[in-house]
Structure formats: C-alpha cells, structure tokens
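Have a look at the structure below, then the notes.
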Amino acid sequence: MITIMIKQFGAIAIGVFAFCAVNSVSASGQVWSSCSQYATYSENGYNLYTDEWGATSGQCIYANSSTNWWSVANYSGNTGVRAYPDTEIGLGNVNLSSLGAVNSSFNFSVPSGASYDAAYDLWTNGNVDEVMVWEDWNSNGPIASSYNCSQLGVTGCAFATNVSIDGVTYDVFQGNTGHNVVSFLRVSKTTSGSVNLLDLMNWLANEGKLTSKTFSTADFGFEITETNGSQTFTVNSYSLSTSSGGCTPSSVTPYISVNNGSSWAEENSATVSSTSTQVDLGPQPVSGGSWSWSGPKGYTSTSRQIDDIPLSTGSNVYTATYTNSSGCKSTEAFTITVN
C-alpha cells in the first residue's frame, strides 16, 4: 500500500472524508482534549497537534501532557493518510554543522489490525526536505522513486539497504511529492527506544540526499490510514533535546582501493562485479583523532582503514565517523555496489 506521508502545511488536500463516531477515553490527570480537525496544545516547548489533514472528522486527542497522549481514531477504507497526530518541537532552522546532537526517546502503544506508521517527521529550512524515521508500521508504505520492490512488508524500492547508524539498521527510501522525501525504516520494528536524529540527518547530507543541510522541526506521532472501528494510539512517553556542536568538524577525505590495495582513489563510491572482490576503505586524516565504523549486518570497527570489507549483492553502505582532538565528529559514507 502506497501512502502519502506529508504533514499538512495548508497546501495539501487529499479529498478524503470520514464521518465516523469516536469513542471518548478518560484518564486521571488529563489536561487537554480536542476532536477538532486542527487543534494545538502547547506545553514546555512541545506542540501537540491533532493534524487531521486527510479527513474532516474521525479522531479525538486526549493528553495528560504534550508528551503523554493518545489518539482515538475511527477511519474506514484505506484511501490514504487521514491524520498525523504528533508532538512537534522547533529547532530554529539551524545548520547541521552547528549541532552536536539531537537526542530523542520514545515509548508508544499501537492497536492490532489498523493501518498506520509510528514515525518521526523531520523538516529542513523552508520545508524543502522531509525526513521520516519509521519505528513501527502496518500496511502503510513509504514514498519511493519506484514501487516495483517489496521488502520489510512495504511496497517500494529502497536506494540503500542495511544501513547501520548508531547500532540500528535501516532500509532507506527516497521520493518526491513536490518536495524531497526520505524515509528510514528500521529492519527490526520497535515500540520503544532512543535515537540521535542528527546522525541520520548527517548521513543523508553526506550521501547528497538533502536539499538543505539544516534542521527546522522534529515531530513524532502516528500516520493513521485505516482503523476498522475505533482504535487507540498512545504515546506513553517522549522526549527530545539538542546540544550545540561547540567545535569545528574536521574534513574527512574518502579513499577507496579495489583489488589488494594496488592503488587508491579519492572517492566515496565504487562498483565491483563480485562479492569476493577485495575492497579497502582508508579515509584521512591519518592521525590526530579516533575512528569508528558501522556497516551492513551489524559491522563495526575502530580502525581508520578497514580492509577486505564484507560485501553482498546490491548496495553496501559503510559509514566512517571521525572524532577529532576537540571531540567534534565528522562522518563520511562509502557506498560499494556489487552488480
């Protein structure tokens, strides 16, 4: 199922209408509720939105706080995303290079039998890039450049698979709906965890997949498509915090050697014909800091140069992180494609 994954900013219309009754839910400590199509509750720097941009009714939001809330939704017919109830925090259109970390944690509950995704929705300055990070999903699928593939239970072709970032493995999709849309889908779904969102944004920037190397807003919530009766989606807890870089990242120069290190080329991608081809990766600088690597199937290393890397047919992405003497990190992604 291909669904549209765009947070409403006033210009998007789906033409879907739902007139379903929504059951009321009550809880001690409840401070806010709304059944309006567009309503906002603000608290402690977080904005909680009903954001029912694909329907005119069918959802009510109840909140104990801006980071502990639940959506009771009733939508029939799988005709696109009806609502994206979410908590948003603004980062102020900052450059990625000025940030040290954007750390977030989440814990949520979802019903069975509904069509949804539980995801971050990240935006760059001017909303020219939308970056989604899917933690859990059912029936929904990401925006992609092609839909001739099927993987992770979704329809769509990833441009990179088995990408390991901060110990989590993702398949990554890209498409366009009038603006650039990139989606990270976890290979293993989860309903709780933590993530440094800046590391994902930096990986995309290094891959040339962002139009703007900035960070504007970060949202977390549920894209709800179909519920088949009244269903409840709950954010049990959520947090997001940022820290400034406080240092200047060092430039990383990528080098690749194919076939036993006979020669090195200053590049971050290469195509080989066999999984048995020896490929070595040797970024610089050679000294003055420390290195760490992540790669497919949980690959890790703390060496600067990694030799004879494991390869699989298709795209193999290895990401090097260099920490300079000031503690500032730079990343460089290497893509080795095996035809």
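The numbers here are math on the coordinates, done by the rules we state, and not lab data. For clarity, every value in this text was computed on a predicted model and none was experimentally measured. Cβ sites come from the backbone with ideal geometry, for glycine too, and all protein chains shown count toward neighbours.
For the chain, modelled as a GNM with alpha-carbon contacts under 10 angstrom, which of Tyr49, Tyr318, Tyr147 fluctuates the most?
Tyr147
Output the relative contact order of the chain, whole-number percent, from Cα pairs under 8 angstrom with separation of 6+ residues. All intermediate terms of the calculation are to be shown ahead of the outcome.
Values: 926 pairs, mean separation 64.5, N = 339.
19 percent.
Which peptide among 221-231, 277-287 comes first, and what is the full order, when sorted by highest mean count of other Cβ atoms within 10 Å? Display every interim value, and only then the final one.
Working: 221-231: 23.1, 277-287: 16.6.
Final packing ranking: 221-231, 277-287.
Using alpha carbons only, how many degrees (0 to 90, rounded to 10) separate the axis of helix 197-206 from the longest principal axis of the chain?
Once rounded, the angle reads 50 degrees.
In a shell of Cβ-Cβ distance under 11 Å around Val252, excluding Val252 itself, what net charge do Lys and Arg (+1) and Asp and Glu (-1) give?
Once all neighbours under 11 Å are counted, the net charge is +1.
Which entry in [x] 34, 34, 18; [y] 30, 27, 17; [z] 39, 22, 16 matches semi-axes √(5λ) of the Cα gyration tensor in Å derived from the coordinates of this structure?
Correct label, based on the coordinates given: [z].
All other residues with a Cβ under 14 Å from the Cβ of Ser139 taken together, and with Lys, Arg as +1 and Asp, Glu as -1, what is their net charge?
Details: positive: Arg82, Lys189; negative: Asp117, Asp136, Glu223, Glu226.
Cβ neighbours under 14 Å give a net charge of -2.
Per DSSP H run of n ≥ 4, the term is -39500 (n - 2.57); total these for the chain, divide by its residue number, and report the mean residue ellipticity at 222 nm rounded to 500 deg cm²/dmol. Please report the intermediate quantities before stating the final value.
Numbers: 1 runs with 10 residues, N = 339.
After summing the helix terms and dividing by residue count, I get -1000 deg cm²/dmol.
Give me the net charge for the shell around Lys189: Cβ to Cβ below 14 angstrom, other residues only, Lys and Arg +1, Asp and Glu -1. The partial results should precede the final answer.
Working: positive: Arg186; negative: Asp117, Glu135, Asp136, Asp171.
Surrounding charge for Lys189 is -3.
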